[in-house]
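The structure appears right after this line, and notes come after that.
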């Protein structure tokens, strides 16, 4: 029997999108940005750029940071390319400042901070946060990034 070889680039866009939607958005971006023009265009699709989670989590709730090499590629190359499409970021303390300082996020409307204490948040942010709440004592979410002083959590 003859072996058939089908490469990723041979698949139609619709099938590629169906397959890629089963992966985490950061995995799609990390793997496809810069490979070739076609895959780059697919990776830049709103489906993969609007909501990014920059950590891995287990079923029992443990959160793990991404490897430094992955963060480097995102902060130096990928985030500056897609910053104008990002609506939501989910971050953990170890990589939070690197990601937030990598570029501007003009349409960012949601920020999830996981595994962060209120005290750590107070030291990292200055200014006024319009909406701050804690979920299970582990997650702080804000609605507004421009700050003058830190509001009390409720």
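The values are calculated or read from the model by the stated rules, or taken from the named source; none is laboratory data. Because the structure is a prediction, the values reported are computed rather than measured. Counting neighbours? That spans all protein chains shown, and the Cβs are built from the backbone with ideal geometry, glycine included.
Checked against the criterion of being under 30 Å from residue 13 (Cα atoms), touching a residue at least 40 places away in the same chain (Cβ under 8 Å) and in a loop (DSSP other than H, G, I, E, B), the stretch 85-101 has no qualifying residue.
Each row is one residue, and each column tells you yes or no for (1) outside the structural domain of residue 67 (by TED's automatic domain parsing); (2) at pLDDT below 85; (3) within 18 Å of residue 72 (Cα to Cα).
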| site | (1), (2), (3) |
| --- | --- |
| 87 | no, no, no |
| 92 | no, no, yes |
| 142 | no, yes, no |
| 147 | no, yes, no |
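Among the residues making up the stretch 76-92, those that are more than 12 Å from residue 49 (Cβ to Cβ) and surrounded by 17 or more Cβ atoms within 10 Å (Cβ to Cβ) are 90, 91, 92. Among the candidates 121, 113, the residue that is more than 26 Å from residue 44 (Cα to Cα), buried (at least 16 other Cβ atoms within 10 Å of the Cβ) and either touching a residue at least 40 places away in the same chain (Cβ under 8 Å) or assigned by TED's automatic domain parsing to the domain that holds residue 58 (or both) is uniquely 121. Residue 72 passes every criterion in (1) closer than 12 Å to residue 30 by Cα; (2) in contact (Cβ under 8 Å) with a residue 12 or more places away in the chain apart from (2).
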